[in-house]
Amino acid sequence: MNAIGILYQLQENWQQAKVYNEKAYKMVLDFPDDELPAIACKLFYNLAKYYSAVRDYERSIFLCDEGIRLSKKEHTIFGLDVLLYEKAYNEFYLYGTTESYKFAYYFSEFANREGMKKFLEKEFKKYNIELERQVYYYHSTCY
């Protein structure tokens, strides 16, 4: 269902995309919470991306949070970088905040997601977002 929704999104047929994305979301809701596979994180991202495209930022953030929650539950970082980015993008447009953008960047840096990191750096330039760079030194003394 979600793949069909994505195809309609690519054609910018938003109404048909909504029909299939809603069906995909209802299918996810039918899964018992403890049986939802980690791969569903990607589905939450795809749905969040759709709602972001139609400017339903609150719903997009909700779906990102669902994907992030699932990622935590399943102890995986599969798709977490894009979920964090999508949430940050929507929070920026909805509230004007940049903290989530910074968090997405630091996570991408930590997880070696160079593509996402470079993408975020372009977004930072576009939206005049500055990172707070702090250098931490670890000092150990051996006796």
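Extension gain, ASN128 to ALA111: 0.36 nm times the residue separation minus the Cα-Cα distance gives 3.7 nm.
Rounded to the nearest 20, the Cβ-based charge dipole of the chain about its Cα centre (Lys and Arg +1, Asp and Glu -1) stands at 360 debye. Length gained on full extension, MET1 to LEU29, computed as 0.36 nm times the residue gap minus the Cα-Cα distance: 8.7 nm. Per residue, the convex hull around the alpha carbon atoms of the chain comes to 135 Å³.
Helix 80-95 axis versus longest C-alpha principal axis of the chain: approximately 80°, rounded to the nearest ten. Spin-label model, LYS72 to ILE39: label points 7 Å out along the Cα-to-beta-carbon direction sit 2.5 nm apart.
Extending 7 Å from Cα along the Cβ direction at TYR93 and again at LYS118 yields two label points whose distance is 2.5 nm. Between GLY79, ILE39, ASN128, the Cα set farthest toward the positive side of the dipole of the chain (charges on each charged residue's Cβ, about the Cα centre) is that of ASN128.
Relative to the longest principal axis of the Cα atoms of the chain, helix 114-127 runs at roughly 90 degrees.
Rule-based calculations on the coordinates, nothing more; no lab input. Everything numeric in this text was worked out from a predicted model, so none of it was measured. Every residue, glycine among them, receives a Cβ derived from its backbone with ideal geometry; neighbour counts consider all protein chains shown.
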